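Below: one structure, written as structure tokens.
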Amino acid sequence: MRILVIGGGGREHALVWKLSQSARVTKIFCVPGSAAIAELAECVAINPEQIESLADFAAQEKIALTVVGPELPLTLGIVDLFESRGLRIFGPNKAAAQLEGSKAFSKDILRANAIPTAAFGTFTDAVSAKQFLAQQKSPYVIKADGLAAGKGVLICATLAEAEAAIDEFLVRKAFGAAGDKVVIEEYLDGEEASFMVLTDGDHVLPLASSQDHKRVFDNDEGPNTGGMGAYSPAPVVTPEVHERVLREVLAPLLNGLQQKNIRYRGLLYVGLMITKAGPKVIEFNARFGDPECQPIMMRLKSDLLPLLEATIDGQLNQVEAEWYADPAVCVVLTAAGYPGAYDKGKEIHGLEKLASWQQGCVFHAGTAKENHRWLTAGGRVLGVTARGKSVADAVTEVYRAVGEISWAGMHYRKDIARRALPNS
Ligand code: AMP
Ligand code: GLY
């Protein structure tokens, strides 16, 4: 079976790595892929936003299944386009992908279906936004409505900062059209968790739980990033929390979407805050989390392919996912300066020492290869991911591997998975 994976980051490297182990997969193409993905798949230089060109490519190459990694092609309607052309594709259609594409849309669905989430208001003009702010308490949470590459959320300690943020979004248009509308919401206190499920619109198959580390520095300090590391499972997702998310979030959500004639078919990522009052939704994503996808693929024992097919075919009640009990931990190595401006083209040393690493895998998020040398080519560069008998073992192993790798300005957090260790 010929597969096309869209994207070229660490998430797609992990997906290609997992799919390449399926006995039914004969060939994988990846658009645009990366030098590292090229070791497992044929990479093709098409812009993932050119969805017409992608459909032409899939038809021409007789692709049996396309798997979409990032959110942008989904919100552009790649799934609707492929389906209209009779091409099989994994991911939610344009209407369903609004759960990620518009925070105002997702907050409205949450409210209409009484799903636990932060109280909020939605605004298009600065005057009413500021009036609403004046009635809220610090810290203030302000979000651009549309996609802003993970940078559209500001948490402000003072009212003055929050008002300045409103001006940035609504007056100075710092996020362009994505910030034409802002959501101001209540600050939620607690521990975050990523709850990813496959859903065909009727049935839900939860994947292993995980936890991301969003801030750039240890102890959750510094600005938010795309994710500095992740581990699975997340102990904060207890069996009770798991049941509550299924009952209080997913069941009413799918029901609410159906009432709007929207059928969500694909991977649904529920970003949760586990508060004293229970799990509350922070956000939805319409695709696998990155880096969470990396430890999760490492823990998935089952073949991924039949799970994706069952999602498309509305048969998720007929499949099961088997997991390795061993926890997995991923440490993201970033370029100096990330998530701000960062430099590229630094030579990466030591990858050859991990070429036959048994307990883990180095997924590439932003690298390039030049004359047999690996160079940095992104803010997030590598996701070093290991499995261990315990979280402590996985942590020891992953940091041992990280110790083999170096480049000028390499940065990483030293406290990934610390919360999951006993006595922490
Ligand atoms: P989002 O893009 O909505 O996931 O927000 C990015 C990050 O901002 C989240 O992962 C949280 O760490 C933080 N965040 C967002 N909304 C809230 C909230 N209402 N209360 C506290 N933290 C939040
Ligand atoms: N790691 C968070 C995300 O993928 O949005």
Exercise. Which order do GLU42, GLU191, GLU322, GLU185 take when ranked by solvent-accessible area (1.4 Å probe, heavy atoms of all protein chains), largest first?
Worked result: GLU322, GLU42, GLU191, GLU185
Exercise. Could you list, bin by bin from short to long, the percent of Cα-Cα pairs of region 335-415 in 5 Å steps?
Worked result: 3, 15, 26, 24, 18, 10, 4, 1
For this session: Figure the gain on full extension for ALA336 and ASP393 (residue separation times 0.36 nm, minus the Cα-Cα span) and round it to one decimal in nm.
Result: 17.7 nm
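Once the piece of chain linking ASN317 and ALA119 is laid out straight, how much longer is it, given 0.36 nm per residue of separation minus the C-alpha distance between them?
Between ASN317 and ALA119, full extension yields an extra 67.9 nm.
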For this session: Give the accessible area for ASP393 in Å² (nearest 10); use a 1.4 Å probe, count only protein heavy atoms, and leave out ligands, DNA and RNA.
Result: 80 Å²
Exercise. Once the piece of chain linking LYS137 and ARG111 is laid out straight, how much longer is it, given 0.36 nm per residue of separation minus the C-alpha distance between them?
Worked result: 7.3 nm
Exercise. What is the Å³ per residue value for the convex hull set by the Cα atoms of region 253-304?
Worked result: 123 Å³
For this session: With the full set of protein chains in place, find how many percent of the accessible area of region 300-360 is carbon and sulfur; take the probe as 1.4 Å.
Result: 42 percent
Exercise. To the nearest Å, what is the center-to-center distance of region 20-84 and region 1-17, using C-alpha atoms only?
Worked result: 8 Å
Exercise. So which aspartates and glutamates pass the test for LYS137, namely a Cα distance under 17 Å, with those fewer than 8 places away in the same chain ruled out?
Worked result: GLU161, GLU163, GLU185, GLU186, ASP189
Seminar exercise, completed: Computed on Cα atoms, the radius of gyration and Dmax of region 248-372 in angstrom are 19.2, 56
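Suppose only helical runs count, i.e. DSSP H with n ≥ 4. What mean residue ellipticity at 222 nm does that imply for the chain under -39500 (n - 2.57) per run, divided by all residues and rounded to the nearest 500 deg cm²/dmol?
Numbers: 13 runs with 112 residues, N = 424.
Mean residue ellipticity at 222 nm (helix-derived): -7500 deg cm²/dmol.
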Exercise. Could you sort ILE274, ILE416 by accessible area so the largest value comes first, with the probe set to 1.4 Å?
Worked result: ILE274, ILE416
Seminar exercise, completed: Of the listed pairs LYS27/LYS260; LYS301/LYS353; LYS107/LYS214; LYS130/LYS214; LYS143/LYS260; LYS27/LYS369, those with alpha carbons more than 30 Å apart are LYS27/LYS260
For this session: Please find, in a Gaussian network model of the chain (springs between Cα atoms separated by less than 10 Å), the residue of HIS411, HIS372, HIS364 whose mean-square fluctuation is greatest.
Result: HIS372
For this session: Classify region 117-199 as rounded, prolate or oblate, taking a ≥ b ≥ c as the square roots of the eigenvalues of its Cα gyration tensor: rounded when a/c is under 1.5, otherwise prolate if a/b is larger than b/c and oblate if not.
Result: oblate
Exercise. Any idea how far apart HIS411 and GLU61 come out in nm if each label point goes 7 Å out from Cα toward Cβ?
Worked result: 3.5 nm
Exercise. In square angstrom, rounded to the nearest 10, how much accessible surface does MET1 have for a 1.4 Å probe?
Worked result: 50 Å²
Problem set entry | Isotropic mean projected area of the C-alpha convex hull, region 42-94 (nm²) | 3.3 nm²
Exercise. Let a ≥ b ≥ c be the square roots of the eigenvalues of the Cα gyration tensor of region 61-194; is it rounded (a/c under 1.5), or, if not, prolate (a/b larger than b/c) or oblate?
Worked result: prolate
For this session: Quickly work out the LYS301-to-ASP220 label distance, labels modelled 7 Å from Cα along the C-beta direction, and quote it in nm with one decimal.
Result: 3.3 nm
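How long are the semi-axes of the equivalent ellipsoid of region 1-109, defined as square roots of 5 times the Cα gyration tensor eigenvalues? Whole Å, largest first. Kindly include the intermediate steps, with their values, before the conclusion.
Working: eigenvalues 114, 48, 30 Å².
In descending order, the three semi-axes are 24, 15, 12 Å.
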For this session: Mind telling me which of TRP374, TRP407, TRP357 comes out most flexible in a GNM of the chain, alpha-carbon contacts under 10 Å?
Result: TRP357
Exercise. For the pair GLU39 and ALA160, what calculated FRET efficiency results from E = 1/(1 + (r/R0)^6), where r is the Cβ-Cβ distance and R0 = 45 Å, to the nearest 0.05?
Worked result: 0.30
For this session: Can you give me the three principal axis dimensions of the chain from its C-alpha atoms, in Å, biggest first?
Result: 58, 48, 42
Exercise. Just by accessible area at a 1.4 angstrom probe, what is the order of TYR269, TYR338 from largest to smallest?
Worked result: TYR338, TYR269
Exercise. Per Stokes-Einstein, at 37 °C and 0.692 mPa s, what whole-number D in µm² s⁻¹ belongs to region 193-297, with the Kirkwood radius over Cα pairs as the hydrodynamic radius?
Worked result: 231 µm²/s
Exercise. Given region 175-215, what whole percent of its Cα pairs are spread farther than 11 Å?
Worked result: 77 percent
Seminar exercise, completed: With R₀ set to 45 angstrom, the calculated FRET efficiency between the beta-carbons of HIS242 and HIS372, to the nearest 0.05, is 0.45
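The values are calculated or read from the model by the stated rules, or taken from the named source; none is laboratory data. These figures come from a predicted structure and were not determined experimentally. As a convention, Cβ positions derive from the backbone with ideal geometry for all residues, glycine included, and neighbour counts pool all protein chains shown. When the accessible area is computed, the model is the full protein with side chains, heavy atoms only, and any ligands, DNA or RNA have been set aside. Shrake-Rupley method; radii C 1.70, N 1.55, O 1.52, S 1.80 Å.
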